[in-house]
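Student: My questions will all concern the structure given below.
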Amino acid sequence: MVERTIGTTPPRVMTIAGTDSGGGAGVTADLRAFAACGVHGCVAVTAVTVQNSVSVSAVHTIPPETVAAQIETVATDIGLDAVKTGMLATTAIIEAIVGACDRVGIGSGGRTPFVVDPVAASMGGDPLLADDALDAYRTQLFPRATVITPNLDEVRLLIGLDVHDRKAQYEAARALHALGPKYVLVKGGHLKEDVDVCVDLLFDGETFTEFPGPRFSTGNTHGSGDNMASAIASGLAKGLDARAATAFAKAYLVQAVRWSYPLGAGHGPVSTQWAMPGWWNKIES
Ligand code: PXL
């Protein structure tokens, strides 16, 4: 028998999100990000999407009670050190998630940090969220969130503010913080005035912190938001505070975008392969 010398349980993180049959975003991206960030990934699937690199051609939602059951059955046995949300699809699914989170102590009032990435559409503009569900984000999810991570398109949908410069990015952070999350991260990836940098802005209600990173000229950024939120949740699960978890996630995402690759005729994905390059060549026979 081989003596077992390793096998310490890593922090446990759950993604509540949709699948992407093309493998670039959603649950598929989140699980790769969790592996790269050194945590154990769990899953509550909200929807199955039929998609490739070009478009989302169909969405099949999971019954809300099945989404809630996935969360509760994992939380009460395996336990969770952080949770993140991605594509949630409908108001009924969001309400079921909120009920489950409250029952097992995820989000404000509970012990488990809760990262809410308000996914509304794919890169190609296909809807991933019912229009009437934006209100459920504002009134039910944000007040429970540890960190929310909107991009600028999502900012426009959520608070009706068009962000074209840094000043408006600060204004958006203030307005979103008023909806109740502990921290707001307004991601600057879509900010046209920044040519060489991409500045994400974190606000805790008092202090603003800018996280600048290089801007790469690539259209292969499918799954970048999912990876960012997953890395933040991983950092929180490891015991980092929100500011340190965001710095950790930003360092991770810069490499993921740097190593992004083309796939299909549309937008390729960001990569996690840089995090463990070529290990399969290093195994001794
Ligand atoms: O990147 C946002 C996102 C999240 N979840 C799913 C997606 C996408 C973007 O296409 O398909 C399932």
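The values are calculated or read from the model by the stated rules, or taken from the named source; none is laboratory data. In this text the structure is predicted, and so the values were computed from the model without any measurement. Neighbour counts are summed over all protein chains in view; Cβ atoms, including those assigned to glycine, are modelled from backbone coordinates with ideal geometry. Each accessible area value is taken on the protein alone, full model and side chains, heavy atoms only, with ligands, DNA and RNA left out. Shrake-Rupley method; radii C 1.70, N 1.55, O 1.52, S 1.80 Å.
Student: Could you tell me how many of the residues in the range 21-53 are within 11 Å of the ligand (Cβ to nearest atom), open to solvent by 10 Å² or more (accessible area, probe 1.4 Å) and assigned to a strand (DSSP E or B)?
Tutor: Summing the residues that are within 11 Å of the ligand (Cβ to nearest atom), open to solvent by 10 Å² or more (accessible area, probe 1.4 Å) and assigned to a strand (DSSP E or B) in the range 21-53 gives 4.
Student: May I ask you to list pairs of residues, at least six apart or on different chains, whose Cβ atoms are under 7 Å apart, with the first in the range 58-79 being acidic (Asp, Glu) and the second being open to solvent by 40 Å² or more (accessible area, probe 1.4 Å)?
Tutor: 72/103
Student: If you don't mind, there's one more thing I want to ask. Could you look through the range 122-146, keep only residues that are touching a strand residue (DSSP E or B) at 6+ places or on another chain (Cβ under 9 Å) and open to solvent by 30 Å² or more (accessible area, probe 1.4 Å), and pick out the one that is farthest from the ligand (Cβ to nearest atom)?
Tutor: Going through the qualifying residues, I end up with 144.
Student: Only residues that are open to solvent by 30 Å² or more (accessible area, probe 1.4 Å) and more than 9 Å from the ligand (Cβ to nearest atom): list them for the range 1-20, please.
Tutor: Passing the criteria: 1, 2, 3, 4, 5, 6, 7, 8, 9, 10, 11, 12.
Student: Also, I was wondering about something else. Here are the criteria: (1) more than 19 Å from the chain's Cα centre (by Cα); (2) at pLDDT 95 or above. Tell me which single one residue 279 does not satisfy.
Tutor: So residue 279 meets the others, but not (2).
Student: For the range 75-121, name all the residues that are part of a loop (DSSP other than H, G, I, E, B), within 16 Å of the ligand (Cβ to nearest atom) and open to solvent by less than 20 Å² (accessible area, probe 1.4 Å).
Tutor: Result: 86, 87, 88, 117, 118, 119, 120.
Student: OK, next. Which of the residues belonging to the range 214-238 are over 16 Å from the mean Cα position of the chain (by Cα) and either closer than 25 Å to residue 83 by Cβ or without any contact (Cβ under 8 Å) to a residue 12 or more places away in the chain (or both)?
Tutor: Of everything in the range 214-238, those that are over 16 Å from the mean Cα position of the chain (by Cα) and either closer than 25 Å to residue 83 by Cβ or without any contact (Cβ under 8 Å) to a residue 12 or more places away in the chain (or both) turn out to be 217, 238.
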